[in-house]
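Participant: My structure is below; once you've seen it, I'll send some questions.
The values are calculated or read from the model by the stated rules, or taken from the named source; none is laboratory data. This structure is a prediction, so every number in the text was calculated from the model and none was measured. So basically every Cβ, Gly included, is an ideal-geometry build from the backbone, and we count neighbours across all protein chains shown. SASA here: full protein model, heavy atoms, side chains in, ligands and nucleic acids out. Shrake-Rupley method; radii C 1.70, N 1.55, O 1.52, S 1.80 Å.
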2 protein chains.
Amino acid sequence: FRQWGSKTPGHPEWGHTAGIETTTGPLGQGIAHAVGLALGAKMLGARFNRPGFEMFDYRVFGLCSDGDLMEGISSEAGSLAGRWGLGNLNFVYDDNHITIEGDTALAFNEDVGKRFEAFGWHVQHVDGHDRPAIRKALQAAVAETTRPSLVIARTHIAFGAPNAHDTSEAHGAPLGAEEVKLTKQNLGWPEEPTFLVPEEVRPVFAGPGRRGAEARAKWENLLASWKAKYPELADSLGDQLGRFVPEDLDRRVVEGMDKDAATRQHSQAVIQKIAAEVPCFVGGSADLEPSTLTWIKGAPPIGIDDGPARYEGRNLHFGIREHAMAAVVNGLALTEAFLPFGSGFLIFTDYCRPTIRLSALMGIRSTWVFTHDSVFLGEDGPTHQPIEQISSLRAVPGLRVWRPADGVETAMAWCWSVRDAKGPNLLALTRQKLPALKRPAGFDTRDVWRGGYIVRKESGVRPGVVIVATGSEVSLALAAADLLGPAANARVVSVPCFENFLEQDAAYRESVIPKGARRVSIEAGATWGWERLVGDQGLMIGLDRFGASAPLADIQKGLGFTPEAVAERIRGFLGA
Amino acid sequence: FRQWGSKTPGHPEWGHTAGIETTTGPLGQGIAHAVGLALGAKMLGARFNRPGFEMFDYRVFGLCSDGDLMEGISSEAGSLAGRWGLGNLNFVYDDNHITIEGDTALAFNEDVGKRFEAFGWHVQHVDGHDRPAIRKALQAAVAETTRPSLVIARTHIAFGAPNAHDTSEAHGAPLGAEEVKLTKQNLGWPEEPTFLVPEEVRPVFAGPGRRGAEARAKWENLLASWKAKYPELADSLGDQLGRFVPEDLDRRVVEGMDKDAATRQHSQAVIQKIAAEVPCFVGGSADLEPSTLTWIKGAPPIGIDDGPARYEGRNLHFGIREHAMAAVVNGLALTEAFLPFGSGFLIFTDYCRPTIRLSALMGIRSTWVFTHDSVFLGEDGPTHQPIEQISSLRAVPGLRVWRPADGVETAMAWCWSVRDAKGPNLLALTRQKLPALKRPAGFDTRDVWRGGYIVRKESGVRPGVVIVATGSEVSLALAAADLLGPAANARVVSVPCFENFLEQDAAYRESVIPKGARRVSIEAGATWGWERLVGDQGLMIGLDRFGASAPLADIQKGLGFTPEAVAERIRGFLGA
């Protein structure tokens, strides 16, 4: 336990030890991810179950603590599970009345059962040390098929340990040899050997393994007859479980993306194209779909009818709950049968950062689509304008952050994300319209996947200045380069994805951003980290303070993000 | 509205327009900050009210939406308000059944009233267009003094607008000239002039101003007689409302801080010293106080007795609710009568990042104390080990991030924070023991406030290498410098606070980290942003991947954070 390389780290880690279904640890993440896992079962069932063939009818069981239930994410996820009628979700709350600081009542005297009833859950109370009562409660929970279930089990921490029983000290610290001895005496358990598995226990524990093998064999028989009866569905199931994405998807998606539009609008078009070829592609928004433009057209939403919940759709209404949204998206990704996305405004990545981080830690295939990606969202003001968000997200290990500059880059970023088997990708998209970039001869759209490439070549053998930009600032850089004229002989480089660019070999990186050249960066966000591309002698045009509430044009002018202002700053830099 | 420099930006901004009591906008922040404002009133009352002298008995009123109540932070804050018995907190829920995506029922069919009853709130339902009913409900809410109140007011968005009534389109878009005309017709209102204030309305609106002036005069009379009766309390009130901190506090706090200990332990000692001299200094932890060591000794906790809630204490049990904790701390800071802090593990800054950001945006005097500040927390594993957190927090405009290296730096960071009138400070502290640093002759402890300074001078005129480190890596850098020996002639620089260091003039910065020198950074976290100090040609020793669950010594060895491994890497760098 908790040793280097051990199978039992401090908290369960998905992909590290067999049988772990999601990484948990940060409180509330388990119950919220479980909502996604349970929803995934329902969505698979809606797609593949047929009369007499319950191909996907599995249930999700979980154990949660007072800490999980104090965290806001569990309220968000609990409310969603109730709304979606997830009768296949069954949680037991280990209600031991003890937190690290002492009795839970120090900070937690709410009526948890009533809260979950308010969310539409089926709630039961049991003595958590009464095994027949727990069994009965779980049977009732399973019998309830239209509501998620919470079994509130009153327990005693360090049960049976005479001095540690019901104490907060027992939360994180081992009992110690003496207390273990006293506990064994108290419970009538042999003191030796230290680890004892009584003979009569072995067959009991063998039971679930045997029953599991039988259930699996039965399911495989069912699968065979289902495949025979529904051969076309069998192909779909293969695609779903393989999360099939055509090798050349990007070649078709990128077609016709050479229009002037906001990258969120390009994304809207791309989503439709991907959805047409990738049935396991599903997603939704935290109540911002009319702005994030993430609706999969022609597909119904999940579970919103007035009658019983329905799960055959592809669009998810998460409500105003970014944190639970991210966990549900991760839960769907953890089914390994969906390529899910969640969307919102970029500033609200702050609301779901712990869960985006878990997607990166697990290396799962979640896509994060966040629009309104800079101060140029305008009137909503500084509370809604991302400044440090892009930079902060780039710092998350294992997360790829894309900030596409036009339709071609948006298409390629999306296609990278749905094909990326290594981990999550985040797309930061503009609210405002951007011009389609003109690129040099020889440009291949897959150059975008290199993370950085030249969009404007200089004349002659050496650029007078290399201007590196992302997203909405690439067209600004091009306009400024034109204003600077032949004397400056500017090269402009677009870097839609730092992570991919930094993974290229040194020769490629040097060919795009030569270290010897004068270098400038432009990004309408914190300059934090930009030295990595433009060096500590480079000029970094960005924003290291909060924005203001004003229309787009006023903000561009007020903050110096016009071609004229940028050209002037670069002239000053080159002259210095 | 929403114009450059206007008094009415897209969302209310504290400090920008008179009468705004907190910046809101990101959903759920308003109601959560209001809990802190209401608690502040109770705490002031407990300190200064005396029989017949209700010096502080003000109430906090707020209006919230479905979005606020869907966000997890409102459940966290609602549960805390219930626990603390905040009878002076009164919210009206504008229950208009409309979100941006459509009917709230798409994602929100829970019983909100029942949820808040579960939290211990007093809940009423009214027709939100029936003014006498609202008045009656607010009177009942005010009459209820031991529980916070929620008035659920069923309303209709765009009430009276014939085509926009009850539609999601009315959420963010203006009605337009034609619909405004139809609405006026429908409501029997004159079409002209566009902005009409009927004569009979003026005296009604003048009423509150007159009543406010009267109430103020009455209170000032009360204050005068209270001061006469309790002269010693009058001095305390002056200190409280002025948030008095002695000018030379740091000189006393830093005394005796030259011991080997974890910086969280140093912080524990410092907290006691500050608390002794600064009565408005209060704080608490999100159920991690036995680990963050943030208890103010000798002072009771707030509101935990079995009987009625009590507010005279200085310690807050926030439960496992980092997000609401941060909002309550901000609410206390917004009273401008407290210097509050919140604490937890550094990884959990991710759980309260939106609210830490609001403290920076408002420029208020919250202190954030986060311990277990690196992978060296050990066994809890990667879900609990910060990697990118320090770097990400440095990117937040207006937030000062301190990572002290020993007792002296911890004392000085704390003293800076309680004296800093410009905005919030965050202290990142170690779980593990660190040695007290030996510093060169001429060192003044206030040099720590410069954010970066030399802790080991080289010989002669020029260092062979400058090693820049923070926190636990400063002593590691010193040990590595010793191993490198006279040939390397290393200077070691401690940078406890990037923000303060970068605000120093160029001459000072250059004197500490000369640009011409070979430079190395060491920090047990993401290297993202470190080029700002050591340049793009510097060697950055850090961690750009997740950690592992293991004991401290194994992690130090496994990740190459031993003096030998560091010296070896620096040797390689210098040789290259």
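Participant: Of the numbered conditions (1) surrounded by 11 or more Cβ atoms within 10 Å (Cβ to Cβ); (2) out of contact with any helix residue (DSSP H, G or I) (no Cβ under 8 Å at 6 or more places or on another chain), B:V204 satisfies every one except a single condition; which is it?
Facilitator: (1)
Participant: Under the condition of being over 18 Å from B:V245 (Cβ atoms) and among the aliphatic types (A, V, I, L, M), which residue from segment B:262-312 is surrounded by the fewest Cβ atoms within 10 Å (Cβ to Cβ)?
Facilitator: Among residues in segment B:262-312 that are over 18 Å from B:V245 (Cβ atoms) and among the aliphatic types (A, V, I, L, M), the one surrounded by the fewest Cβ atoms within 10 Å (Cβ to Cβ) is B:A309.
Participant: Taking segment A:1-23 on its own, how many of its residues are surrounded by 18 or more Cβ atoms within 10 Å (Cβ to Cβ), under 18 Å from A:G363 (Cα atoms) and not acidic (D, E)?
Facilitator: Total satisfying the criteria: 7.
Participant: Would you call A:E458 within 29 Å of B:P354 (Cβ to Cβ) and among the acidic types (D, E)?
Facilitator: no
Participant: What's the number of the condition A:G298 fails, among (1) in contact (Cβ under 8 Å) with a residue 60 or more places away in the chain; (2) under 30 Å from A:G120 (Cβ atoms)?
Facilitator: Going through the list (1) in contact (Cβ under 8 Å) with a residue 60 or more places away in the chain; (2) under 30 Å from A:G120 (Cβ atoms), A:G298 breaks only (1).
Participant: Then there is this: Out of segment A:515-554, which residues are assigned to a loop (DSSP other than H, G, I, E, B) and among the basic types (K, R)?
Facilitator: Selection gives A:K515, A:R518, A:R545.
Participant: To continue, here is another question. Considering each of B:G572, B:G542 in turn, give the residue that is away from every other protein chain (no Cβ under 12 Å), under 23 Å from B:A479 (Cα atoms), of a type in the set (G, A, S) and in contact with a strand residue (DSSP E or B) (Cβ under 9 Å, 6 or more places away or on another chain).
Facilitator: Every option except B:G572 fails the conditions.
Participant: Can you tell me which of (1) open to solvent by less than 60 Å² (accessible area, probe 1.4 Å); (2) free of Cβ contacts under 8 Å to residues at least 40 places away in the same chain; (3) under 31 Å from the mean Cα position of the chain (by Cα) is the one A:V151 doesn't meet?
Facilitator: Of everything listed in (1) open to solvent by less than 60 Å² (accessible area, probe 1.4 Å); (2) free of Cβ contacts under 8 Å to residues at least 40 places away in the same chain; (3) under 31 Å from the mean Cα position of the chain (by Cα), A:V151 misses just condition (2).
Participant: Follow-up. Find the residue count for segment B:56-99, including only residues that are more than 9 Å from chain A (Cβ to nearest Cβ) and assigned to a helix (DSSP H, G or I).
Facilitator: The qualifying residues number 1.
Participant: Right, B:E117: touching a strand residue (DSSP E or B) at 6+ places or on another chain (Cβ under 6 Å), open to solvent by 10 Å² or more (accessible area, probe 1.4 Å), within 14 Å of chain A (Cβ to nearest Cβ) and of a type outside the set (G, A, S) or not?
Facilitator: Yes.
Participant: Also, I was wondering about something else. Which residues, counting only those in segment B:32-55, are in a helix (DSSP H, G or I) and open to solvent by 30 Å² or more (accessible area, probe 1.4 Å)?
Facilitator: B:K42, B:A46, B:R47
Participant: When you check B:P551 against the structure, is it surrounded by fewer than 16 Cβ atoms within 10 Å (Cβ to Cβ), within 30 Å of A:A360 (Cα to Cα) and either of a type outside the set (S, T, Y) or within 35 Å of the chain's Cα centre (by Cα) (or both), yes or no?
Facilitator: In short, yes.
Participant: Checking B:P174 against (1) more than 21 Å from B:T99 (Cβ to Cβ); (2) in a loop (DSSP other than H, G, I, E, B); (3) open to solvent by 60 Å² or more (accessible area, probe 1.4 Å); (4) modelled with pLDDT under 95, which test does it fail?
Facilitator: Here B:P174 clears every test but (1).
Participant: For the subset of segment A:376-419 comprising residues that are open to solvent by less than 10 Å² (accessible area, probe 1.4 Å) and charged (D, E, K, R), which member is farthest from A:R243 (Cα to Cα)?
Facilitator: Selected residue: A:E388.
Participant: Do we find a residue being touching a Lys or Arg at 6+ places or on another chain (Cβ under 6 Å), crowded, with 21+ Cβ neighbours inside 10 Å and within 28 Å of A:P354 (Cα to Cα) anywhere in segment A:73-81?
Facilitator: Among the residues of segment A:73-81, at least one is touching a Lys or Arg at 6+ places or on another chain (Cβ under 6 Å), crowded, with 21+ Cβ neighbours inside 10 Å and within 28 Å of A:P354 (Cα to Cα), which makes the answer yes.
Participant: Sticking with this structure for a sec: With the requirement that a residue be part of a loop (DSSP other than H, G, I, E, B), more than 9 Å from chain A (Cβ to nearest Cβ) and under 16 Å from the mean Cα position of the chain (by Cα), what does segment B:1-31 give you?
Facilitator: Hits for segment B:1-31 are B:W14, B:E21, B:T22.
Participant: Return only the number of the condition from (1) more than 14 Å from every other protein chain (Cβ to nearest Cβ); (2) farther than 20 Å from A:M43 by Cα; (3) free of Cβ contacts under 8 Å to residues at least 60 places away in the same chain that A:D111 does not satisfy.
Facilitator: Failing condition for A:D111: (1).
Participant: Separate question: For segment B:94-105, which residues satisfy the criterion of being surrounded by 21 or more Cβ atoms within 10 Å (Cβ to Cβ) and of a type in the set (A, V, I, L, M)?
Facilitator: Residue satisfying the conditions is B:I98 alone.
Participant: Look at B:E568 and say whether it is of a type in the set (D, E, K, R) and touching a Leu at 6+ places or on another chain (Cβ under 7 Å).
Facilitator: So B:E568 fails the test.
Participant: Before we move on, is A:E110 of a type in the set (D, E, K, R) and under 26 Å from B:M325 (Cβ atoms)?
Facilitator: It is true that A:E110 is of a type in the set (D, E, K, R) and under 26 Å from B:M325 (Cβ atoms).
Participant: Could I ask something else about it? Working only within segment A:323-346, note down all residues that are facing chain B (nearest Cβ under 9 Å) and either open to solvent by 10 Å² or more (accessible area, probe 1.4 Å) or basic (K, R) (or both).
Facilitator: A:H323
Participant: Sticking with this one: I'd like to know if segment B:530-539 contains one or more residues that are of a type outside the set (S, T, Y), more than 12 Å from chain A (Cβ to nearest Cβ) and under 16 Å from B:A488 (Cα atoms).
Facilitator: yes
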